[in-house]
1. In whole angstrom, and with the biggest value first, how far do the Cα coordinates of the chain range along each principal axis?
2. Give me the distance in nm between label points sitting 7 Å out from Cα along the Cα-to-Cβ direction at residue 31 and residue 78, one decimal.
3. Just subtract the alpha-carbon distance of residue 154 and residue 53 from 0.36 nm times their residue separation and send over the number in nm, one decimal.
4. What is the Cα centroid distance between the range 34-96 and the range 158-173, reported in whole angstrom?
5. If you line up the long axis of helix 111-120 against the longest principal axis of the chain, both from Cα atoms, how many degrees apart are they, to the nearest 10?
6. Relative contact order of the chain: what whole-number percent is it, with Cα pairs under 8 angstrom and at least 6 residues apart?
7. Rounded, prolate or oblate: which fits the range 48-101 when a ≥ b ≥ c are the square roots of the eigenvalues of the alpha-carbon gyration tensor, with rounded for a/c under 1.5 and prolate only if a/b beats b/c?
8. Tell me the angle of helix 153-173 to the major Cα principal axis of the chain, expressed in degrees between 0 and 90 and rounded to the nearest ten.
Amino acid sequence: MKLIVGLGNPGRQYERTRHNLGFVVADLLARRWSIDLAIKGNAAFGRGPIAGQTAALLKPMTYMNRSGQAVLEVVQFYKLPLADLLVISDDLDLPVGRVRMRAKGSAGGQKGLGDIAQRLASDEFARIRIGIGRPASGDAVEYVLSPFRPEEHEPVEIALLRAAEAAECWITDGPAVAMNRFNRNTDTKAEQE
């Protein structure tokens, strides 16, 4: 079984914030593949076929900084090798709308990824990062918990679809193919102009 984890914060006040893009992609995949996500313990969880493979979707409900708690529980329960884990998150260091996939690597300051790596005692799991850009000034915490500006909506919507497609490609073809396909030509229309 493959496990796809979308990171975010629970609660209506966080639904369309920059920090919740992982949740949005998990919900998109759940709708696309008719997987029901139900609250079980400290996460929303559902299983079903994605792109012809047995897969599970997980949205930790423990808030971003403690995402690893729910991930560790599922990894241990299903005895999943870390090669079968994919985490989707936002990224301050990528421009708005950019999608980047990696087979493994550091958390790069992303608190949810950092907590997962710490609890799993490894960073040897795949991740898809969706760019939210950095604030020109001000507090990064306030920024990640803010909604997107109107002119950012289109590139973000495109990035969410690309991230879902990259997750499906990871399931069917593995991380190397997904990285080759989705790390190229990821510039948004706004960046090209």
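Each value in this text was obtained by applying a stated rule to the coordinates, not by laboratory testing. Small disclaimer: the values here were computed from a predicted structure and weren't measured. In this analysis, Cβ positions are derived from the backbone assuming ideal geometry, glycine residues included, and neighbour counts consider all displayed protein chains.
1. Largest to smallest, the principal-axis extents are 45, 31, 30 Å.
2. My value for the distance between the label points is 2.3 nm.
3. Here the answer is 33.3 nm.
4. If we compute the Cα centre of each part, the gap is 15 Å.
5. The angle comes out at about 20 degrees.
6. It rounds to 25 percent for the chain.
7. Cα axes put the range 48-101 in the oblate bin.
8. 30 degrees
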